[in-house]
Amino acid sequence: MDPNLITSTQAAVDPVFMFIFGACLLLLVGITAVMVWFVIRYHRSRAPAPTSCCEGNVWLEIAWTLLPTLLVLAMFYYGWAGYLALRNVPKGAMEVTATARMWSWNFTYTNGKSSSKLYVPAGKPVKVNLVATDVLHGFYLPAFRVKRDLVPGMTNYAWFIATKPGSYDLFCSQYCGTGHSAMITTVEALPPAEFLAWLNHREGGEHRGKELLEKHGCLGCHSLDGSAKIGPTFKGIYRSSVRFMAAGKPMTATVDDAYLTESIVKPSAKIVEGFPAIMPTYPDLTVEEVKVMVEFIEGLK
Amino acid sequence: MNSSEYSPATPSSFWNDTGSSGITAWIFSTDHKRIGLLYFWSVLSFFLVAVVLGLLLRIELMAPGRTIMGPETYNALFTVHGAIMVFLFIIPGFPGAFGNLVMPIQIGARDVSFPRLNLFSWWLYMIGAAVIITALFTGGGAPDTGWTFYVPFSARSGTNVSLAVFGVFIVGFSSIVTGVNFVTTIHRLRAPGMSWDRLPLFVWSLYATAWVQILATPILGITLLLIIAERVLGVGLFDPVKGGDPVMYQHLFWIYSHPAVYIMILPAMGVISEIIPVFSRKPVFGYKMIAFSSIAIAAAGSLVWGHHMFTSGISDRAILIFSFLTFVVAIPSAIKVFNWVSTLYRGSISLEAPMLYALSFIILFSIGGLTGLILGAAATDIHVHDTHFVVGHFHYVIFGGSGFALFGAMHYWLPKFYGRRYAEKPAVVAWGLMFVGFNITYFTMMVLGMKGMPRRYYDYLPEFAPLNLVATVGSWILAVGLVLMLVNLIRGLRGGEPVGDNPWGGATLEWTVPSPPPTENFPEEPVVTHGPYDFSKSGMP
C-alpha cells in the first residue's frame, strides 16, 4: 500500500476488519449450517445405523488444508500492509510528546506549551512520541484505530489524522493500577486556524501553580472543581478539616500550608480518610515549586 | 461381561479395595483413578471459586461508577479470577483429572509409568495452591497486577505479589511432573497391539500437551523467579531505571503462557475427537490428520508468543514474523474442525449431553478461533488489543472451547468411574442455558471491545453502559445453567441410574472394563486388535 494514498489510519485499518470479518462470517455460517444439517439429516431417528464407514479422504484433506492456507496468507498480507500504514508517518506531521504517569496524561508541544488534553489541528497528521515515567501505559485512540504502549526507558510513537473537528476518546489501554480506568482524556481536533490560535496563546493570567499541577499529573487524581476523583478535590480543601489515621489512631487536622506541603513531599504521611494510599512521591520537585503549588491550592475556594 | 456385578459396592472396584479407609486412602493413593478424582474435585472447587469472582466482576461492571466494590478490590479480583482459572483450573484440569482417569485405561495399561511421581504432582499442585491462597490474605493482600504480572508494575505493587508468584512456580512443577509421566507412559506402557495409529485421539492430544508442559513450563518457572529476584533483591533486570527492559519480561512470560493456551485447548480437542465418532457411531474422519494436527499445533504454537506484544514496542520485523506464524497455527485448527464435521456425515447421530457439548464446542471454538484471526493480523490487532474484544475471544476459546469440552468429558466419562449416571433431561436444559448465557456474555464483550472499551477497566464511559448490562445479565443465565449442570451431575453420580460397561457404545478400551473399573483396570493385559473408532468390532449393534 502506498503510504501517500493513505488518508487516515482508520481508512487503512477498516478494510482489513471488513475483509477478515467477512471471511470469518462466511466460514462460521458455512460450518454451522453444514453441521446442523448433518445432525438433522443423520439423527438416529432418521438414520438408525451409519450408512458410511469412510475413514477419510486424501483429496478432501488436501483441499481443506490448502484453501485455509491461501485464505490466512491473504489475511496475513492484508493485515501487514495495513499495519505498515500505522507505522509510516506522513511527511510534515506535527510532533507532540505524550507523557503518561499513574494516572494522568500530559501533552507537550514543540513550542513548550503543555496540556492535559491532546489538542490537534483537524485534517493534519500528528505524530505522538510516547514516554512513560513510571510503569507501562497504553495510548489508545479507538476512533483512529491507533494503539501503542508507553514503556519506561523507551520512546515509542504513533500517528493519526483527525479528519473532522471534534472530540475523541483517549484511553489508557495497558493496565497500570488503581486509577487505570480513570486515566482517560480526549483528543480535541480544532479547525487549523483555531488550533494555531490555541497553540500560540500564552496563558498569561494562568497561575504557575496550575501549570505545575498539570505538568506533574496531579490533576489526573485531584479535581479543581470539587468533582470526585481518586484523590480529594483541591477545591475548598484549604482550611477544611480532614480526618486521617496516624500511628493507628484516627486524627483530625485543619489543612494549612504545612499539611499541604507534607502531603506533596511525603504523600503517605496523612492519608485523608476514605481515599487509597497510592499517591507516588515526586523527588524532582523543588522547594520553590512546591510552594507555588501550595499557594495555588490555597486560592481555590 | 455382566456389568451389574461391578456396582461401587462390589469389592473388585477401585473404590473399595484398599485396606485403609477414610481420607488417607485417597491423598496417599498411587492409583491413577484415585489421583484423577483427587485432581478433578480439586480443580472443580477452584473453578467454582473463580466463577464466583467472575460473577462479582460482572456485577461491578453492570453500571458505570461504583456498584459493589472499589477499584483496588476490583483489580485484585480480576487478578485472582484469572490466576485461579488459568493456573489452578484449566491447565491442570485436563491432564490432571481426565488424563489421569482415562489415559492409562485407553492405552491398556494398569497405571502410569511413575505412580508415586503422579501422587507427588497432585501434592505439588495442592501445596502451590495453598501458597497462592495464603498470599491472598497475608502481607499486602491479594495481588493487583493482573494474571500476567507485567513489570514494572508488578515489581512496584505493594500487594503480596512475591508469595503468589512463588505459589504459581510450585504449581508449574506439578505440571512438568505430569508431562514427564504422561510422555513416558504413552511411550512405554501401551498394550500389545496398541500401535501409534490405534492410539485414541484423546491420548494423542495428551501426548502433544505433555511435551508442551515439559518444554515450556520451565521458562515460566525461571520468569517467576526473576520477578521475585527483582522485588526482593532489586536486581534491575526489568526496571529501566536500573538498565533493565520491561519488554524482555513480556517475551519471557508469553514464551510459556502462549503455549500454555495449547495445554488448555489440545486435550479439549482430544475429548471432542472421542465424543463425536461415538455419538455418530462412525469412525472419526481423517484420524491421521487430527493426530498430526495436535502435534503441529503444539510445535507451531510454541513460536507465536510475540502476537501478545504487537503494541509493546517490539520491532516491526518481529511483528511481521509473529503475525505470519500465528496464521500458520490457524491451519491445523481448521483441519480439525472440518474433520469433526465430516465425521457426522452419514452417521447415526444421537444428541445426548456429551454430544451437545461437543457440537457446541465446534461452534464456540470456531468463533474463538476466527476472532483470533482478527488478533493475528497486525493492522486489526492494534485496535482491539487490550480491549474487551480480547477478553471475549479468550473466553470463547478457553471457556467455550476447553470449558465446554470439560463439561462434555464430565458427562461422558464420570459415569464410567462412578458406575452411575446423571439424568438426561436436566442435563440438556443446563446445556441450553449455558450455551445461551455464554454467547450473550462473551459475544457482547467482543462488541464492546470493537467499540473501544479497554480491558481491566473498573469504570467506563456512559456509551459502554447498555452492552455491559447485557453481558452481566448473560453471566447470570450462564451461572444458573452451571449450577443446574453440577447439581444434576453430582446427584446422578451419587444415586443415579447404574450404567453398564459401555453406556455410549464406544470402541476404546475404557469401555471394555467394568464401571467403575477394578484397581489395576484389566484382569489380564488386553490385546488390541482394532482401531479406537472401529465400532463394527466393539460388540455394539
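The values are calculated or read from the model by the stated rules, or taken from the named source; none is laboratory data. A quick note: this is a predicted structure, and the numbers were derived from the prediction, not measured. Glycine also receives a Cβ, built like all others from the backbone with ideal geometry; neighbour counts cover every protein chain displayed. These area figures cover heavy atoms from the full protein model, side chains too; ligands, DNA and RNA do not enter into them. Shrake-Rupley method; radii C 1.70, N 1.55, O 1.52, S 1.80 Å.
If you go through the range B:358-410 and pick out every residue that is within 14 Å of another protein chain (Cβ to nearest Cβ), open to solvent by less than 10 Å² (accessible area, probe 1.4 Å) and of a type in the set (Phe, Trp, Tyr), you end up with 3. Scanning the range A:160-174 for residues that are touching a Ser or Thr at 6+ places or on another chain (Cβ under 7 Å) and more than 9 Å from chain B (Cβ to nearest Cβ) gives A:Phe160, A:Ile161, A:Thr163, A:Ser167, A:Tyr168, A:Leu170.
Restricted to the range B:255-268, and to residues that are β-branched (Val, Ile, Thr) and open to solvent by 10 Å² or more (accessible area, probe 1.4 Å), which residue is farthest from the chain's Cα centre (by Cα)?
Checked the range B:255-268; the qualifying residue farthest from the chain's Cα centre (by Cα) is B:Ile255.
Just one of (1) open to solvent by 50 Å² or more (accessible area, probe 1.4 Å); (2) touching a residue at least 60 places away in the same chain (Cβ under 8 Å); (3) charged (D, E, K, R) fails for B:Glu230. It is (1).
Listed here are the residues, each with its yes/no results for (1) more than 9 Å from chain B (Cβ to nearest Cβ); (2) closer than 30 Å to A:Pro191 by Cα.
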| residue | (1), (2) |
| --- | --- |
| A:Trp64 | no, no |
| A:Ala74 | yes, no |
| A:Ala85 | no, yes |
| A:Ala98 | yes, yes |
| A:Leu118 | yes, yes |
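Of the residues contained in the range A:116-124, none is found to be open to solvent by less than 20 Å² (accessible area, probe 1.4 Å), at pLDDT below 95 and not small (Gly, Ala, Ser).
The residues of the range A:100-138 that are β-branched (Val, Ile, Thr) and in contact (Cβ under 8 Å) with a residue 40 or more places away in the chain, listed by number, are A:Val120, A:Val135. For the range A:152-165, a residue qualifies if it is open to solvent by 20 Å² or more (accessible area, probe 1.4 Å) and without any contact (Cβ under 8 Å) to a residue 40 or more places away in the chain, and the qualifying residues are A:Gly153, A:Met154, A:Thr155. Of the residues that make up the range A:44-57, is at least one open to solvent by less than 50 Å² (accessible area, probe 1.4 Å), part of a helix (DSSP H, G or I) and at the interface with chain B (Cβ under 9 Å from one of its Cβ atoms)? No, the range A:44-57 contains no residue that is open to solvent by less than 50 Å² (accessible area, probe 1.4 Å), part of a helix (DSSP H, G or I) and at the interface with chain B (Cβ under 9 Å from one of its Cβ atoms).
Every listed requirement among (1) closer than 30 Å to A:Arg46 by Cα; (2) within 14 Å of chain A (Cβ to nearest Cβ); (3) within 17 Å of the chain's Cα centre (by Cα) is met by B:Val271 save one, (2). All conditions but one from (1) crowded, with 23+ Cβ neighbours inside 10 Å; (2) modelled with pLDDT of 95 or more; (3) among the aliphatic types (A, V, I, L, M) apply to B:Val180; the one that does not is (1).
Could you tell me which of the residues A:Gly123, A:Gly138, A:Gly177, A:Gly112 is assigned to a loop (DSSP other than H, G, I, E, B) and facing chain B (nearest Cβ under 7 Å)?
On the way: A:Gly123 fails: facing chain B (nearest Cβ under 7 Å); A:Gly138 fails: assigned to a loop (DSSP other than H, G, I, E, B); A:Gly112 fails: facing chain B (nearest Cβ under 7 Å).
Just one listed residue meets the conditions, A:Gly177.
Taking the criterion of being modelled with pLDDT of 95 or more, outside any loop (DSSP other than H, G, I, E, B), more than 14 Å from chain A (Cβ to nearest Cβ) and more than 30 Å from B:Thr148 (Cβ to Cβ), would at least one residue in the range B:444-464 satisfy it? No; the residues of the range B:444-464 include none that is modelled with pLDDT of 95 or more, outside any loop (DSSP other than H, G, I, E, B), more than 14 Å from chain A (Cβ to nearest Cβ) and more than 30 Å from B:Thr148 (Cβ to Cβ).
Condition (residue is assigned to a loop (DSSP other than H, G, I, E, B) and either surrounded by 21 or more Cβ atoms within 10 Å (Cβ to Cβ) or basic (Lys, Arg) (or both)) applied to the range B:522-541: is it met by at least one residue? Scanning the range B:522-541, I find at least one residue that is assigned to a loop (DSSP other than H, G, I, E, B) and either surrounded by 21 or more Cβ atoms within 10 Å (Cβ to Cβ) or basic (Lys, Arg) (or both), so the answer is yes.
Going by the structure shown, is B:Phe40 of a type outside the set (Lys, Arg), surrounded by fewer than 21 Cβ atoms within 10 Å (Cβ to Cβ) and out of contact with any strand residue (DSSP E or B) (no Cβ under 9 Å at 6 or more places or on another chain)?
no
Scanning the range B:423-456 for residues being among the aromatic types (Phe, Trp, Tyr) and in contact with a His (Cβ under 7 Å, 6 or more places away or on another chain) gives a total of 1. The residues in the range B:184-206 that are open to solvent by 30 Å² or more (accessible area, probe 1.4 Å) and hydroxyl-bearing (Ser, Thr, Tyr) can be counted, and the count is 2.
Condition check ((1) outside any helix (DSSP H, G or I); (2) facing chain A (nearest Cβ under 8 Å); (3) farther than 15 Å from B:Ala208 by Cβ) across all residues:
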{"site": "B:Ile255", "(1), (2), (3)": "no, no, yes"}
{"site": "B:Ala300", "(1), (2), (3)": "no, no, no"}
{"site": "B:Ala318", "(1), (2), (3)": "no, no, yes"}
{"site": "B:Ala330", "(1), (2), (3)": "no, yes, yes"}
{"site": "B:Ala334", "(1), (2), (3)": "no, yes, yes"}
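Of the listed requirements (1) part of a helix (DSSP H, G or I); (2) within 7 Å of another protein chain (Cβ to nearest Cβ), B:Ser312 misses just one: (1).
In the range B:192-211, is there at least one residue being in contact with a His (Cβ under 8 Å, 6 or more places away or on another chain) and aromatic (Phe, Trp, Tyr)? Spell out the reasoning first.
Keep residues of the range B:192-211 that are in contact with a His (Cβ under 8 Å, 6 or more places away or on another chain), which gives B:198.
Checking which are aromatic (Phe, Trp, Tyr) leaves us with none.
No, the range B:192-211 has no match at all.
Looking at A:Thr51, A:Thr69, A:Thr32, just one residue is free of Cβ contacts under 8 Å to residues at least 40 places away in the same chain, among the polar types (S, T, N, Q) and touching a Lys or Arg at 6+ places or on another chain (Cβ under 7 Å), and that residue is A:Thr51.
When the criteria are applied in full, A:Leu84 fails the requirement of being without any contact (Cβ under 8 Å) to a residue 40 or more places away in the chain and open to solvent by less than 80 Å² (accessible area, probe 1.4 Å). Yes or no: the range B:342-351 includes at least one residue that is at the interface with chain A (Cβ under 8 Å from one of its Cβ atoms), touching a residue at least 40 places away in the same chain (Cβ under 8 Å), part of a helix (DSSP H, G or I) and over 30 Å from A:Asp149 (Cα atoms). Scanning the range B:342-351, I find at least one residue that is at the interface with chain A (Cβ under 8 Å from one of its Cβ atoms), touching a residue at least 40 places away in the same chain (Cβ under 8 Å), part of a helix (DSSP H, G or I) and over 30 Å from A:Asp149 (Cα atoms), so the answer is yes. Annotation note: Cβ proximity below 6 Å between a residue of the range B:64-78 that is farther than 22 Å from B:Thr138 by Cβ and in contact (Cβ under 8 Å) with a residue 60 or more places away in the chain and a residue that is in a loop (DSSP other than H, G, I, E, B) and open to solvent by less than 30 Å² (accessible area, probe 1.4 Å) (sequence gap 6+ or interchain) occurs for B:Pro64/B:Tyr460.
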